[in-house]
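Trainee: Provided herewith is a single structure, encoded as structure tokens, for subsequent inquiry.
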Amino acid sequence: MSEPTDQLASPGSDGSPRDPGGQVRCPWCGSVEVERVAEFGPQLLTHAYRCSRCRSPFEVIRRS
């Protein structure tokens, strides 16, 4: 398991944690090893995810 870095990973070009191909990446370490842990996050417009590498929870805005 790698340690989280001091800097945030590069987000997608639109500022989201999705890469240009639409795959969700961890905003903390950049890993694609993420799992969706809930259909809805704290807000109805987000999905709740957790990174399998650094174990950080994060949210991704839902796309229609």
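The values are calculated or read from the model by the stated rules, or taken from the named source; none is laboratory data. The structure presented is a predicted model; accordingly, all values stated were derived computationally and were not measured. Using ideal geometry, Cβ is built from the backbone for each residue, glycine included, and neighbour counts are taken over all protein chains shown.
Trainee: Might you let me know whether region 5-17 holds any residue that is part of a strand (DSSP E or B), at pLDDT below 85 and either of a type in the set (Val, Ile, Thr) or surrounded by 14 or more Cβ atoms within 10 Å (Cβ to Cβ) (or both)?
Mentor: For region 5-17, residues part of a strand (DSSP E or B), at pLDDT below 85 and either of a type in the set (Val, Ile, Thr) or surrounded by 14 or more Cβ atoms within 10 Å (Cβ to Cβ) (or both): absent.
Trainee: Right, something else. Can you confirm whether Gln43 is on the phi < 0 side of the Ramachandran plot and touching a strand residue (DSSP E or B) at 6+ places or on another chain (Cβ under 8 Å)?
Mentor: Against the criterion (on the phi < 0 side of the Ramachandran plot and touching a strand residue (DSSP E or B) at 6+ places or on another chain (Cβ under 8 Å)), Gln43 qualifies.
Trainee: Another question about this same structure. If you scan region 33-59, which residues turn out to be at pLDDT 95 or above, assigned to a loop (DSSP other than H, G, I, E, B) and of a type outside the set (Asp, Glu)?
Mentor: Within region 33-59, Ser52, Arg53, Cys54, Arg55, Ser56 meet the criteria.
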